[in-house]
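A short worksheet on the structure shown next.
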Amino acid sequence: MTKTPAPRPAFMSGYTPAPDRYDRMVYRRCGRSGLKLPAISLGLWHNFGEDTAHDVKRQMCRTAFDLGITHFDLANNYGPPAGSAETAFGEILRNDFAGLRDELIVSNKAGYDMWPGPYGEWGSRKYLIASCDQSLERCGLDYFDIFYSHRFDPETPLEETMGALDHIVRSGRALYVGISSYNSQRTREAVAILKELGTPCLIHQPSYNLLNRWVETDGLLDTLDDLGVGSIAFTPLAQGILTKKYLGGVPEGSRAAQDKSLSPEMLTDSALASVRALNDIAEARGQTLAQMALAWVLRGGRVTSALIGASKPSQIEDCAGAVANLDFTEDELAEIERHASEEDINLWARSSEME
């Protein structure tokens, strides 16, 4: 029986979390750690910059938390402009989630271009520690729960990058560390270094969805199982392709229409044919396509959490509904396999940065 959350203190203004929030979500242990993550986490990659009204951001975060989504994922370059998602979330932490810090998992990442000159990106000790400090200030936090190396740096010794993550934990800037978009080989090397330093790698954040399955062919999922490292899949809905959004064309204001992280060229006839067939399977299961796509990523418990993005609260409600049915029959999986073909929509994961 889930314990009923304590009443909200009187000093918190404007928002009272749903009292049954922890009964509405599934929580999974992250690797061999003591930390549990919600099966669905909310990423602030898009729609948390200055191009989105702040009230929309507040409503999305409130909706997520009411549904038991306790994990909010950031990176230093989220916006636009870079850093603005952190600033916006910091305001939400102060004004909407005041007094709730110990019920939240806040993660952050550094690795992409943030400021001019040779010290503003990649994986050097100087960049990672400086970036972490800047991100903490923008968020108004004393520490992050998880801090990631956002991408593998082919020109910096891995010992230096992992050493910086170790220092970030030992200095109190973060509780746990992780890596993102590292291939299987680099993951083994990074985890071994962190283990030797005494700061275990908690989690890996790769891209993974029905149309982007490199983590299977690369052997990354097997590697994470072997090493006892948790995982959180980003782009589990393939930037919205694995919803009904694009089946009738490209809607105004969508990611494809704005050519943000999803180019209209990715919406090929082959991809859309696969999506239509997958949508039929989802309807037969009594789920939306988004819910089935998330359940598929989470199937069997190999992936700890699926990291969604959203532009409105209703999308978060739909995605959170995936936890009502995370099981598949063998026939369903076989039918999905017929249509879940690899498409050219991978984001960063197989770039030269992973080599």
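Tally up the residues in the range 178-210 that are in contact with a Ser or Thr (Cβ under 9 Å, 6 or more places away or on another chain) and part of a helix (DSSP H, G or I), please. Looking only at that region, the number is 7.
Taking every residue in the range 19-38 that is over 16 Å from Phe72 (Cα atoms) and pairing it with any residue that is modelled with pLDDT of 95 or more, at least 6 positions away or on another chain, the pairs with Cβ-Cβ distances below 6 Å are Arg24/Leu67; Arg24/Gly68; Arg29/Lys36; Gly31/Gly228; Gly31/Val229; Gly31/Gly230; Arg32/Gly228; Ser33/Leu202. Just checking, does the range 220-234 include any residue being at negative phi, out of contact with any Gly (no Cβ under 6 Å at 6 or more places or on another chain) and at pLDDT below 95? No, there is no match, as no residue in the range 220-234 is at negative phi, out of contact with any Gly (no Cβ under 6 Å at 6 or more places or on another chain) and at pLDDT below 95. Name the single residue that is modelled with the lowest pLDDT among those in the range 235-265 being over 26 Å from Ala320 (Cβ atoms) and assigned to a helix (DSSP H, G or I). The selected residue is Pro264. Of the helices (runs of 4 or more DSSP H) lying entirely inside the range 286-347, not one is found with 3 or more residues being touching a Pro at 6+ places or on another chain (Cβ under 7 Å), within 20 Å of Arg21 (Cα to Cα) and hydroxyl-bearing (Ser, Thr, Tyr).
Here's the yes/no breakdown for (1) of a type in the set (A, V, I, L, M); (2) under 17 Å from Asn77 (Cβ atoms):
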site: Trp115; (1), (2): no, yes
site: Arg138; (1), (2): no, yes
site: Leu141; (1), (2): yes, no
site: His167; (1), (2): no, no
site: Leu175; (1), (2): yes, no
site: Arg186; (1), (2): no, no
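Considering only residues in the range 142-177 that are assigned to a loop (DSSP other than H, G, I, E, B) and over 18 Å from Leu202 (Cβ atoms), the one that is most open to solvent (accessible area, probe 1.4 Å) turns out to be Glu155. Scanning the range 291-319 for residues that are among the polar types (S, T, N, Q) and open to solvent by 40 Å² or more (accessible area, probe 1.4 Å) returns Ser311, Ser314, Gln315. Looking only at residues in the range 113-128 that are open to solvent by less than 60 Å² (accessible area, probe 1.4 Å) and in contact (Cβ under 8 Å) with a residue 40 or more places away in the chain, the one that is farthest from Asp66 (Cα to Cα) is Ser124. Residues in the range 76-126 that are among the basic types (Lys, Arg), in a helix (DSSP H, G or I) and touching a Phe, Trp or Tyr at 6+ places or on another chain (Cβ under 6 Å): Lys126 alone.
From the list Ala75, Ala110, Ala85, Ala98, pick out the single residue that is open to solvent by less than 50 Å² (accessible area, probe 1.4 Å), over 19 Å from the mean Cα position of the chain (by Cα) and touching a residue at least 24 places away in the same chain (Cβ under 8 Å). It would help to see each step written out before you state the result.
Details: Ala75 fails: over 19 Å from the mean Cα position of the chain (by Cα); Ala110 fails: over 19 Å from the mean Cα position of the chain (by Cα); Ala85 fails: over 19 Å from the mean Cα position of the chain (by Cα).
Testing whether each residue is open to solvent by less than 50 Å² (accessible area, probe 1.4 Å), over 19 Å from the mean Cα position of the chain (by Cα) and touching a residue at least 24 places away in the same chain (Cβ under 8 Å) leaves just Ala98.
One residue stands out in the range 178-214 among those that are aliphatic (A, V, I, L, M) and over 30 Å from Leu104 (Cβ atoms): the one that is most open to solvent (accessible area, probe 1.4 Å), namely Ala192.
Checked against the criterion of being farther than 14 Å from Gly309 by Cβ, at pLDDT 95 or above, open to solvent by 30 Å² or more (accessible area, probe 1.4 Å) and part of a loop (DSSP other than H, G, I, E, B), the candidates Arg58, Arg32, Arg28 yield just one match: Arg32.
Against the definition (assigned to a helix (DSSP H, G or I), in contact (Cβ under 8 Å) with a residue 24 or more places away in the chain and farther than 21 Å from Gln134 by Cα), how does Ala64 come out, yes or no?
yes
Any residue at all in the range 154-172 that is in contact with an Asp or Glu (Cβ under 9 Å, 6 or more places away or on another chain), within 15 Å of Gly111 (Cβ to Cβ) and in contact (Cβ under 8 Å) with a residue 40 or more places away in the chain? Taking every residue of the range 154-172 in turn, at least one turns out to be in contact with an Asp or Glu (Cβ under 9 Å, 6 or more places away or on another chain), within 15 Å of Gly111 (Cβ to Cβ) and in contact (Cβ under 8 Å) with a residue 40 or more places away in the chain.
The values are calculated or read from the model by the stated rules, or taken from the named source; none is laboratory data. From a predicted model like this one, the values you see are computed outputs, not experimental measurements. Cβ: placed from backbone, ideal geometry, glycine included. Neighbour counts: every protein chain shown. Just so you know, the surface numbers come from the protein's heavy atoms only, side chains and all, with ligands and any DNA or RNA stripped out. Shrake-Rupley method; radii C 1.70, N 1.55, O 1.52, S 1.80 Å.
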